[in-house]
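**Q** First the structure, which I've put down as structure tokens, then a few questions once you've had a look.
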Amino acid sequence: MLSLRAFPAALALGLALTACQSVEQKAVKDEAKVVSDSGLVCSATAEVEKALDKVEALTPASTVADAEVAGESLKKALATLDKAEIELQTSKLNEYRDQVAIYEKFVSQIRQSKTMTLEEAAQQLKAKAAPVIAAREQLAETTDCIEVEELTDSNHESSPDQSKDDTAGKADSE
């Protein structure tokens, strides 16, 4: 068993190992967390929909107890959704910060290269800026939850080529 004196040393070692983690590795982990948290938001949204269905199913013949159960279910589902949305926003912000750190690291590497032309540097910087821009846009986006049934239904109704054309038409009209 660790003595009380060894515990702070073990904790410091763990923190040091975490700090040594490369920015790129942290970005990959944070990106996976964004995907995971998006799934949690979608699950929580589905639970809110179910709870709303229970509220809408109340009739004049329903009891007060039925209404209380439906209301409590909705309250719980909304609290879960709020928590999931906060987690997702935090994950998106962490990923954005990771992408900025990667970009800044690359900029310092470019600065060290005295043989590179300005054109070469600009091309490389532009390529490295793309993930930062994408992460910034992701911060502003809302989470789109796609139901599997919707995808299955659209595949049965039309051929894959036709659905691509329909999607392109919708994109043009927006």
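**Q** Sort out which residues of segment 32-77 are of a type in the set (Lys, Arg) and either over 24 Å from the mean Cα position of the chain (by Cα) or surrounded by fewer than 14 Cβ atoms within 10 Å (Cβ to Cβ) (or both), and write them in order of number.
**A** Correct list: LYS50, LYS54, LYS75, LYS76.
**Q** Are there any helices (runs of 4 or more DSSP H) wholly within segment 39-158 with 1 or more residues that are among the small types (Gly, Ala, Ser), in contact (Cβ under 8 Å) with a residue 24 or more places away in the chain and within 26 Å of SER22 (Cβ to Cβ), and if so which?
**A** Filter on segment 39-158 gives 64-112, 118-140.
**Q** Of all residues in segment 99-124, which are among the acidic types (Asp, Glu) and under 25 Å from LEU139 (Cβ atoms)?
**A** Within segment 99-124, GLU104 is the sole residue that qualifies.
**Q** Within segment 110-143, can you find the residues that are basic (Lys, Arg) and either touching a strand residue (DSSP E or B) at 6+ places or on another chain (Cβ under 6 Å) or closer than 30 Å to ASP82 by Cα (or both)?
**A** ARG136
**Q** For THR18, are the conditions met, namely being modelled with pLDDT of 95 or more and either loosely packed, with under 12 Cβ neighbours inside 10 Å or of a type in the set (S, T, N, Q) (or both)?
**A** Answer is no for this residue.
The values are calculated or read from the model by the stated rules, or taken from the named source; none is laboratory data. The structure displayed is predicted, hence computed values, not measured ones. Here the Cβ is made from the backbone with ideal geometry for all residues, glycine too, and neighbour counts use every protein chain on show.
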